[in-house]
Amino acid sequence: MLKVLFYSLPGQLTVLSISFMVFMMGYLIYYVMKKMKEESKKKNKVVFMYYIVKTSKSFNQASTDLKEAIVRNGFGTLYVHDIGTTLRNKGIAFAEECKVFEVCNPKDAAKVLSVDMRLNMALPCRISVYTEKGETKIGLIKPVQMLSALSNDDALMQVAKKVEEKIIKMANESK
């Protein structure tokens, strides 16, 4: 029995590590959105942090098309979290599909990190393909608005604007 426990422990740690990372990114997004909402109230303006497009494509086709758009636009995919499958494999009843693509352009990431190394917690960018009530959607959190809550650096905002234009283009090419 000890041998079985020992051999299963590394796999459990991996699942725990991935779960912790996903939790921390979720918390970061929650925190940034909370701060943006507070700032919006102070300035009497509404901030639209999400960019979401609907598609008539199937979930699988939209996911495949996004993979291709990422490459076409000079980015790489670091990892794809298949959240729907992961939840179902854990015995959780979850009817929707959801894949989160972690995407990055190394040159732009290096520029961001050279300005403020703490911003590693906001990287990489994420583009999601998911279903909601029978519709397939592609969405992301806009980098300019997210990073503006974390930094006031003008050079960083220029990089974020360029990246945002590219990842919105990827979402639109995939719909």
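The values are calculated or read from the model by the stated rules, or taken from the named source; none is laboratory data. Here the structure is a predicted model, which means the values were calculated and not measured. Note: areas computed on protein heavy atoms with side chains; ligands, DNA, RNA excluded. Shrake-Rupley method; radii C 1.70, N 1.55, O 1.52, S 1.80 Å.
Observations
- For segment 67-82, putting each phi into the Karplus relation 6.51 cos²θ - 1.76 cosθ + 1.60 with θ = phi - 60° gives couplings of 3, 5, 5, 4, 5, 4, 9, x, 10, x, 9, 7, 6, 10, 8, 8 Hz, in residue order, rounded to whole numbers and with x for Gly and Pro.
- The phi-based Karplus calculation (6.51 cos²θ - 1.76 cosθ + 1.60; θ = phi - 60°) puts the 3J(HN,Hα) values of segment 158-175 at 5, 5, 4, 5, 4, 5, 4, 4, 5, 6, 5, 4, 4, 4, 5, 5, 8, 7 Hz, whole numbers, x for Gly and Pro.
- Measuring only protein heavy atoms, the 1.4 Å probe finds Phe75 accessible over about 20 Å².
- Euclidean distance of C-alpha centroids, segment 138-162 and segment 117-135, integer Å: 14
- Hydrodynamic analysis of segment 90-151 uses the Kirkwood radius over alpha carbon pairs. Inserted into Stokes-Einstein at 20 °C and 1.002 mPa s, it gives a translational diffusion coefficient of 157 µm²/s.
- Long-range HN-HN contacts of Val103 with modeled amide H, under 5 Å: Leu78, Cys125, Arg126, Ile127
- Calculated P(r) tail over 14 Å for segment 68-123, as whole % of Cα pairs: 65
- Taking every C-alpha pair closer than 8 Å and separated by at least 6 residues, the mean separation divided by the residue count of segment 63-141 gives a relative contact order of 26 percent.
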